[in-house]
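Asker: Sharing a structure here in structure tokens format.
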């Protein structure tokens with residue numbers, strides 16, 4: 001039995017199929033993954049993401065600590081509530097984890113890291129925080145719900161006070177604020193509009209029930225995965241890990257090489273750029289019948305072979321799509337080995353879908 005979020009009994013009573021994920025017992029779906037996926041693309045769905053780890057970092061040198069640990073530069077964060085996405089790297093430039101960092105005050109930042117990497121992230125951050133006098137607090141008292149879809153923000157706002165609703169709806173993308181006792185952030189992992197709400201764990205069930213009573217569809221990990229893949233968003237442990245750098249994982253845009261900043265992994269990334277990045281992450285669209293899955297072989301004529309890192313049937317596009325790591329020169333059509341057969345696939349630039357619309361032509 002894995003760890004359980006404050007919403008576990010709600011999931012179980014709703015008949016969710018429960019699976020182990022990152023050491024947690026989590027809902028995979030509530031009956032129909034396809035229905036949940038389409039609900040998020042067309043209206044609104046709610047996910048329990050309380051298995052994610054919320055970490056508060058406090059102290060006068062918190063910004064300095066994060067400028068060293070984080071490959072993106074928190075020096076960009078000057079407006080309270082503003083968020084930044086990026087990676088923690090090891091000395092070899094490999095990705096320890098990808099995360100979001102919020103600037104809540106000059107002495108207070110908040111990070112949200114992945115469930116499966118919770119222990120190693122906390123150890124890594126605390127190991128370095130000690131030298132900066134920064135207090136690191138795992139906020140196990142907080143739950144987190146992601147409400148996503150074209151109607152999501154309005155559905156959450158309807159549960160807030162009048163002033164709170166106005167503040168929530170006025171939030172800019174990748175910003176959060178304390179509103180009516182919750183931390184409401186305009187972030188997500190689906191390629192749709194929405195909020196991620198952090199709130200006391202004892203309030204999670206009432207919020208979940210209020211949202212579902214208002215017609216927001218309960219959604220599980222299955223739809224979360226197909227939605228994030230359509231949105232071209234990486235999954236840690238599949239699309240990148242400690243043996244792959246951001247430069248070969250489609251995440252070069254999250255690395256800030258500002259000249260005044262030394263961060264862990266910088267020298268390794270500079271060396272990789274100098275010798276040439278040998279692999280890159282691309283999108284694939286299968287041109288034939290079949291399903292693309294992780295670890296299938298990708299053959300690029302004239303350039304070599306690669307491997308699918310994430311693959312699935314796309315409910316929105318009604319075809320199979322994937323992210324794959326391939327030799328950098330790869331440009332044209334490729335073939336994927338599916339059940340012993342070579343099937344044609346087209347190389348595209350992710351994302352595949354954004355705001356419910358196809359982006360691949």
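The values are calculated or read from the model by the stated rules, or taken from the named source; none is laboratory data. Quick caveat: nothing in here was measured; it's all calculated off a predicted structure. Cβ placement follows ideal geometry from the backbone for every residue including glycine, while neighbour counts extend to all protein chains displayed.
Asker: Can you tell me how many residues in the range 1-22 are modelled with pLDDT of 95 or more and either outside any strand (DSSP E or B) or not assigned by TED's automatic domain parsing to the domain that holds residue 202 (or both)?
Answerer: So the count comes out to 14.
Asker: With (1) touching a residue at least 12 places away in the same chain (Cβ under 8 Å); (2) more than 30 Å from residue 281 (Cβ to Cβ) as the list, and residue 246 as the residue in question, which single condition is left unmet?
Answerer: (2)
Asker: Please name all residue pairs, on different chains or six or more residues apart, with Cβ atoms under 7 Å, provided the first residue is in the range 71-96 and is within 17 Å of residue 237 (Cβ to Cβ) and assigned by TED's automatic domain parsing to the domain that holds residue 188 and the second residue is modelled with pLDDT under 95 and in a helix (DSSP H, G or I).
Answerer: Close Cβ pairs (under 7 Å, with a partner that is modelled with pLDDT under 95 and in a helix (DSSP H, G or I)) do not exist here.
Asker: Something else about it: Within the range 35-45, is there a residue that is crowded, with 21+ Cβ neighbours inside 10 Å and not in a helix (DSSP H, G or I)? Reasoning before the result, please.
Answerer: Step one: of the range 35-45, the residues crowded, with 21+ Cβ neighbours inside 10 Å are 36-37, 39-41, 44-45.
Then drop every residue that is not not in a helix (DSSP H, G or I), which leaves 44-45.
There is at least one residue in the range 35-45 that is crowded, with 21+ Cβ neighbours inside 10 Å and not in a helix (DSSP H, G or I).
Asker: Any residue at all in the range 268-279 that is free of Cβ contacts under 8 Å to residues at least 12 places away in the same chain, loosely packed, with under 15 Cβ neighbours inside 10 Å and assigned to a loop (DSSP other than H, G, I, E, B)?
Answerer: No: the range 268-279 contains no residue that is free of Cβ contacts under 8 Å to residues at least 12 places away in the same chain, loosely packed, with under 15 Cβ neighbours inside 10 Å and assigned to a loop (DSSP other than H, G, I, E, B).
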